[in-house]
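Peer 1: Provided herewith is a single structure, encoded as structure tokens, for subsequent inquiry.
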Amino acid sequence: MNIYFYDTVIGKIGIAETGGNITNVYFEKDSLPQEVIEVQTSLLFEASQQLDRYLNGELKQFTLPFAPVGTPFMQQVWAQLCDIPYGQTATYKEIAVRTGNSKAARAIGLANNRNPIPVFIPCHRVIGSNGTLTGYRGGLVVKKILLELEKE
């Protein structure tokens, strides 16, 4: 796994790739796997450029090869997250309904929490059914920044 760290308006972000696909994003407080090589590849540089354009309000959809690792259910949830339009939100229950199991809101929350590529796979767009911001691996402050950025 190759990883490179970038300073952004939401803090230092590590973007990782394996085999020509973006596989992980790490926030400053996240633990890193032991088997990583810190090197900037052309794919990681492109991902950082797209991330910068997104954070500056210039890009609404990423065009990068993603390969998040997870169970088939997690993969299904993450695909649903990518279908939440820029500037909009969905609740855990709404995502559960879209995956075919309206009672799976807690499982949706767990899959959301395990999203290995936050920001790029927009788990920040999922909110509580009462409209409140709920947990985010990067912290609620970062989640709020991302949602506000998309509303502008």
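The values are calculated or read from the model by the stated rules, or taken from the named source; none is laboratory data. Note that the structure is predicted; figures quoted are calculated from it, not measured. Ideal geometry is used to build each Cβ from the backbone, glycine not excepted, and the neighbour counts take in all protein chains shown.
Peer 1: Has segment 44-61 got any residue that is surrounded by 16 or more Cβ atoms within 10 Å (Cβ to Cβ), of a type in the set (A, V, I, L, M, F, W, C) and farther than 21 Å from VAL9 by Cα?
Peer 2: No, that holds for no residue.
Peer 1: Also, I was wondering about something else. Can you give me the number of residues within segment 1-37 that are of a type outside the set (Ser, Thr, Tyr) and in a strand (DSSP E or B)?
Peer 2: Total meeting the criteria: 17.
Peer 1: Still on this structure, please answer the following. For segment 61-74, state whether one or more residues are more than 23 Å from ASN112 (Cα to Cα), at pLDDT 95 or above and in contact with an Asp or Glu (Cβ under 9 Å, 6 or more places away or on another chain).
Peer 2: No: zero hits.
Peer 1: So which residues in segment 2-20 are at negative phi and exposed (fewer than 14 other Cβ atoms within 10 Å of the Cβ)?
Peer 2: Listed by number, the residues that qualify are ASP7, VAL9, LYS12.
Peer 1: Need the failing condition index for GLU152 against (1) more than 29 Å from THR18 (Cα to Cα); (2) over 14 Å from the mean Cα position of the chain (by Cα); (3) surrounded by 15 or more Cβ atoms within 10 Å (Cβ to Cβ), just the number.
Peer 2: For GLU152, the failing item is (3).
Rundown of residues vs (1) touching a residue at least 40 places away in the same chain (Cβ under 8 Å); (2) assigned by TED's automatic domain parsing to the domain that holds ILE15; (3) closer than 18 Å to GLU150 by Cα, yes/no style:
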position	(1), (2), (3)
LEU43	no, yes, no
ALA96	no, no, no
ARG106	no, no, no
ARG137	yes, no, no
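Peer 1: In segment 112-149, what residues are surrounded by 13 or more Cβ atoms within 10 Å (Cβ to Cβ) and of a type in the set (Gly, Ala, Ser)?
Peer 2: Matches in segment 112-149: GLY128, GLY135, GLY138, GLY139.
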